[in-house]
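**Student:** Here's a structure for you.
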């Protein structure tokens, strides 16, 4: 690699690394706010655990930030070189566009290899560990998310309000029981209540003391004019409140296909293919096989998109010749959104294996490769 190649290679590499870092930061911030902020405010996560969980988000967001960062870095660097007439000087020296783009395409190949490693190994392992550590932190202190003077909606079918909290004992306890349409069918107000945690079933066992119960008509609970049954008791029977929603949100459920490594996906594919097909269940079996195949192909195509974006970015950056960072960033984001939109649209066909969505997933890459070759030829002419 000569001096010119090293100059282009370093310029593009540093720009791509900065762009990947920028997109990764934005994605990490969004995921941290969505998944972790509530637990931090409820004192369920220590700062050390929070920092470790944020670190485990890095491989997950890198799988999406890498293609966008590649395209942005190429557009920024080659747009600046073209605006400064450096590309014109290289062409006047007899260098073809492909020769100029060779360092960029090498970075694209390296980025694709990195994407394969992240999507098939690093990201799945980090994602599983992330949800395991988050679930463990919640289980270590399951009562910490019950914040006094706050409406708590974590229990399916219930809303809870606590005026004061002293350990496991709650004062001024309010409980609303909801029907499937989220209408209040029963209202309980108690002087105090106590929570005990059942680790085997992941449930909170609630016992109320000196409570008053108001029960509404099951069919028309919203009609307050209807007569309401009111009762009171000194001590209630234990009420079990499920924490399934809380644990599902933190990942305490069966491992998703996207969280599997390449070896795990291969084993899952073999397991699904070997399952006996019951009469009338052939379509469901084919759909299950297609979901596994779609996951594998999606990881491949997302990795190859790094090279596809690099191929498009070279002629586009030279042709547009924008020195402004914001303009190049806008072009990159627009192209990336178009690519991901096509990916999402194909993903909607997962329940229609007859359309071969596993093959259609390669369509966005094919379009970008064709666009890149066409732009190369246009600039060469």
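**Student:** Under the rule of -39500 (n - 2.57) per DSSP H run of 4 or more residues, summed and divided by the residues of the chain, what mean residue ellipticity at 222 nm is obtained, to the nearest 500 deg cm²/dmol?
**Tutor:** Calculated from helices alone, the mean residue ellipticity at 222 nm is -20000 deg cm²/dmol.
**Student:** Let me ask something else. Between residue 197 and residue 169, what length comes free when the chain is fully extended (0.36 nm per residue of separation minus the Cα-Cα distance, one decimal in nm)?
**Tutor:** Between residue 197 and residue 169, full extension yields an extra 8.8 nm.
**Student:** Which of 7, 202 has the fewest other C-beta atoms within 10 Å, and how do the rest follow up to the most?
**Tutor:** 7, 202
**Student:** Sort 374, 259, 174 by Cβ crowding within 10 Å, fewest neighbours at the top.
**Tutor:** Ranked by crowding around the Cβ, least crowded first: 374, 174, 259.
**Student:** What is the order of 230, 272, fewest Cβ neighbours within 10 Å to most?
**Tutor:** Fewest to most other Cβ atoms nearby, the residues stand as 230, 272.
**Student:** Quick one: if the Förster radius is 56 Å, what FRET efficiency do residue 275 and residue 89 give, using the C-beta to C-beta distance and rounding to 0.05?
**Tutor:** The formula returns an efficiency of 0.35 here.
**Student:** Give me the number: length gained by fully extending residue 132 to residue 264, i.e. 0.36 nm times residue separation minus the C-alpha to C-alpha distance, one decimal in nm.
**Tutor:** Length difference between fully extended and current span is 45.8 nm.
**Student:** May I ask for the distance between the Cα centers of region 331-364 and region 26-91, given as a whole number of Å?
**Tutor:** About 22 Å separates the Cα centre of region 331-364 from the one of region 26-91.
**Student:** Kindly express, to the nearest 10 degrees and within the range 0 to 90, the angle between helix 3-35's C-alpha long axis and the longest C-alpha principal axis of the chain.
**Tutor:** The angle comes out at about 10 degrees.
**Student:** Right, next: How much space per residue, in cubic angstrom, does the convex hull of the C-alpha atoms of the chain take up?
**Tutor:** 201
**Student:** How big, on average over all directions, is the shadow cast by the Cα convex hull of region 151-242, in nm²?
**Tutor:** Averaging across all directions leaves 6.2 nm² for the Cα convex hull.
**Student:** Helix 123-140 versus the longest principal axis of the chain: what angle, 0 to 90°, nearest 10, using Cα atoms?
**Tutor:** 20
**Student:** Mind checking the alpha-carbon convex hull of region 41-89 and giving the volume per residue in Å³?
**Tutor:** Per-residue hull volume (Cα only) is 113 Å³.
**Student:** Between 0 and 90 degrees, rounded to the nearest ten: what's the tilt of helix 262-274 against the longest Cα principal axis of the chain?
**Tutor:** Helix 262-274 sits roughly 70 degrees off the main axis of the chain.
Bear in mind that the values in this text are calculations on the coordinates, not laboratory data. If you're wondering where the values come from, they're calculated on a predicted model, not measured in any experiment. As a convention, Cβ positions derive from the backbone with ideal geometry for all residues, glycine included, and neighbour counts pool all protein chains shown.
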